[in-house]
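The values are calculated or read from the model by the stated rules, or taken from the named source; none is laboratory data. Computed from a prediction, not measured in an experiment: that's the story for all the values here. Cβ coordinates were reconstructed from backbone atoms using ideal geometry, including for glycine residues, and neighbour counts include every protein chain displayed.
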Amino acid sequence: MSAYVIVGSVTLAGILLFVLAMAARSLVAPRVGRPVTLTTYESGVDPIGQGWAQTNVRYFVYAFLYVIFAVDAVYLFPWAYVIGDPELGPVSLVEIAVFIGIILIGLLHAARRGLLRWV
Amino acid sequence: MTGLDLTVVEIVLRSAAVLAAFLVLPLLVGQMEHKVMGHMQGRLGPMYAGGFHGWAQLVADGVKFIQKEDLTPAAADRRLFRIAPALALVPYLVAMAVVPVHPGWVAADVPASALFVLVASGVSILGMLVAGWASANKYSLIGGMRSAAQLLAYELPLVLAVASVCLAAGTLSLTGIIDAWSPVWLLWQLPAALVFLVAAVAELNRPPFDMPIADAEIVMGPFTEYGGLRFAFFLLAEYAGIVLFSVLFAVLFLGGWRGPAPAWTGWLWTLLKALPVAFLIIWMRVAWPRLREDQLQRLAWLGLVPVALGQLALTAVVVVAL
């Protein structure tokens with residue numbers, strides 16, 4: 001448990017670093033604040049419309065695939081603790097092979113249907 | 001170190017040590033990049049700041065950055081825009097705290113530290129996403145979306161490569177992995193090592209995987225609206241990332257502190273092994289043209305993920321068979 005106290009204190013140190021650096025910057029840096037410098041950058045021309053726009057559906061297909069594989073990976077890590085157990089032997093191997101195999105078939109299917117192409 | 005009750009002084013000292021490493025090592029890597037890139041491209045790199053071969057260039061850069069006006073675009077989501085650099089930077093600091101560099105030298109000896117490092121470094125990429133979204137700029141949004149897709153694509157092979165090493169060692173602790181390491185791993189875990197290296201460079205959005213930033217097409221991606229100190233923090237995060245992944249590579253695949261020398265040189269071995277990896281990451285940037293966005297996705301899903309899964313199967317079969 002005490003290790004996480006240090007993790008917490010390191011996090012705090014990082015936040016402190018950011019806050020102090022910003023405080024130092026506000027002491028040193030100039031404040032001109034002309035309104036024109038606060039406009040959105042669009043290669044030198046006046047910005048058209050808003051920056052927040054609708055976007056392509058392909059992003060969420062990737063997100064779905066990622067969630068599937070991330071959950072898969074989470075199940076892999078505890079396996080590391082028991083894989084060497086001689087009582088379990090090849091049983092765990094076969095079980096994980098089935099588990100990953102199904103997901104792999106899913107990935108192949110997604111690739112075949114063209115979901116892994118960017119454009 | 002777990003189980004021991006720590007005094008406040010010790011907690012502060014350990015945090016300060018991590019912070020010191022975090023502030024010094026990225027600068028060394030940054031300076032190395034300046035000089036290595038310079039010489040690889042037939043020029044000198046910085047030569048004036050500080051006198052000797054421009055050693056103080058990054059200090060001078062820092063002084064310049066801190067004197068710049070802090071701009072938040074009127075259209076931006078103010079609060080998110082302002083904290084995004086911290087969100088990119090702090091997770092790398094936290095991740096560094098759990099990496100062992102010497103027998104018994106680890107700031108926070110967390111159980112399952114291999115998993116913890118992956119989690120912490122994964123959070124950092126949220127900083128880029130938040131920056132891309134909060135800027136309310138079209139280039140930033142496209143860059144942010146690209147970095148999201150890149151994170152999703154390359155986080156997987158990275159996690160699978162680490163999982164392979166964990167399976168081989170039979171533990172999730174980085175210290176345990178170093179203890180279990182033997183030179184045979186250089187061959188046996190080679191595919192995982194290559195996948196890890198490529199995925200790490202992609203996670204850092206460094207060339208040849210810098211499509212989210214792609215200065216030739218979307219200005220500077222998520223960083224388009226950033227300047228001054230906030231931009232500097234994004235840069236620092238990138239170099240801290242190089243340090244973290246180089247040391248992690250040394251710990252996972254090269255045996256960390258183990259080497260043919262007296263025990264007290266352990267930390268030196270860790271640094272000696274991490275240094276060529278950092279050099280390699282810089283070299284990749286100079287040597288290769290960047291991948292197009294669709295090629296980049298293709299490489300991850302149809303190249304690295306199958307290789308990583310194959311390595312996982314190989315590792316598991318060998319571990320069970322022996």
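So, A:PHE77, is that one under 24 Å from B:LEU158 (Cβ atoms) and more than 9 Å from every other protein chain (Cβ to nearest Cβ) or not? It would help to see each step written out before you state the result.
On the way: under 24 Å from B:LEU158 (Cβ atoms): yes; more than 9 Å from every other protein chain (Cβ to nearest Cβ): no.
No; evaluated as a whole, the condition is false for this residue.
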Report summary line: Over region B:148-159, the set of residues over 13 Å from B:PRO191 (Cβ atoms), crowded, with 24+ Cβ neighbours inside 10 Å and not hydrophobic (A, V, I, L, M, F, W, C) is B:GLN150, B:TYR154
Query raised in the report: How many of the residues in region A:82-113 are surrounded by fewer than 11 Cβ atoms within 10 Å (Cβ to Cβ) and facing another protein chain (nearest Cβ under 7 Å)?
Result: 0
Report task. Determine which single condition B:VAL162 fails, assuming it passes every other condition in (1) surrounded by 24 or more Cβ atoms within 10 Å (Cβ to Cβ); (2) in contact with an Asp or Glu (Cβ under 9 Å, 6 or more places away or on another chain). Result -> (2)
Query raised in the report: Of the residues B:ALA214, B:ALA192, which is farther than 20 Å from B:ALA308 by Cα and small (Gly, Ala, Ser)?
Result: B:ALA214
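Could you tell me whether B:LEU80 is within 14 Å of another protein chain (Cβ to nearest Cβ) and closer than 30 Å to B:GLY255 by Cα?
Details: within 14 Å of another protein chain (Cβ to nearest Cβ): yes; closer than 30 Å to B:GLY255 by Cα: no.
Considered against the rule, which asks whether it is within 14 Å of another protein chain (Cβ to nearest Cβ) and closer than 30 Å to B:GLY255 by Cα, B:LEU80 comes out as no.
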Report task. Assess whether B:VAL29 counts as being within 14 Å of chain A (Cβ to nearest Cβ) and out of contact with any His (no Cβ under 8 Å at 6 or more places or on another chain). Result -> no
Report task. State yes or no: is B:LEU87 more than 8 Å from chain A (Cβ to nearest Cβ) and part of a helix (DSSP H, G or I)? Result -> yes
**Report entry** Within region B:159-215, considering residues that are of a type in the set (Asp, Glu) and in a loop (DSSP other than H, G, I, E, B), the one nearest to the other protein chains (Cβ to nearest Cβ)
**Finding:** B:ASP215
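Residues are listed down the side, and each one gets a yes or a no for (1) modelled with pLDDT of 90 or more; (2) acidic (Asp, Glu):
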{"position": "B:ALA240", "(1), (2)": "yes, no"}
{"position": "B:GLY255", "(1), (2)": "no, no"}
{"position": "B:ALA274", "(1), (2)": "yes, no"}
{"position": "B:ALA278", "(1), (2)": "yes, no"}
{"position": "B:TRP283", "(1), (2)": "yes, no"}
{"position": "B:LEU291", "(1), (2)": "no, no"}
{"position": "B:ASP294", "(1), (2)": "no, yes"}
Report summary line: Note on B:LEU44: of the conditions (1) assigned to a loop (DSSP other than H, G, I, E, B); (2) out of contact with any Lys or Arg (no Cβ under 9 Å at 6 or more places or on another chain); (3) surrounded by fewer than 18 Cβ atoms within 10 Å (Cβ to Cβ), unmet is (2)
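From the list B:PHE249, B:PHE245, pick out the single residue that is within 25 Å of B:LEU58 (Cα to Cα), in contact with a Leu (Cβ under 9 Å, 6 or more places away or on another chain) and away from chain A (no Cβ under 14 Å).
Working: B:PHE249 fails: within 25 Å of B:LEU58 (Cα to Cα).
Residue meeting the stated conditions: B:PHE245.
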Query raised in the report: For the subset of region B:241-277 comprising residues that are small (Gly, Ala, Ser) and more than 21 Å from B:LEU158 (Cβ to Cβ), which member is surrounded by the most Cβ atoms within 10 Å (Cβ to Cβ)?
Result: B:GLY266
Report task. State which residue pairs qualify: first residue over 19 Å from B:PHE234 (Cβ atoms) and more than 7 Å from chain B (Cβ to nearest Cβ) and inside region A:1-24, second residue loosely packed, with under 13 Cβ neighbours inside 10 Å and of a type outside the set (D, E, K, R) in any location, beta carbons under 8 Å apart, and separation of 6 or more residues or different chains. Result -> A:MET1/B:THR2
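Quick check on this structure: which one of B:VAL94, B:VAL117 is facing chain A (nearest Cβ under 10 Å), of a type in the set (A, V, I, L, M) and under 20 Å from B:THR270 (Cα atoms)? Step through it out loud before you land on a result.
Numbers: B:VAL117 fails: facing chain A (nearest Cβ under 10 Å).
After applying the criteria, what remains is B:VAL94.
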Requested in this report: Hey, could you check region A:83-119 for residues that are among the hydrophobic types (A, V, I, L, M, F, W, C) and not in a helix (DSSP H, G or I) and say which is farthest from B:GLN311 (Cα to Cα)?
Outcome: A:VAL119
Query raised in the report: Would you pick out the residues in region B:263-319 that are among the basic types (Lys, Arg) and either at positive phi or touching a residue at least 60 places away in the same chain (Cβ under 8 Å) (or both)?
Result: B:ARG285, B:ARG290, B:ARG292
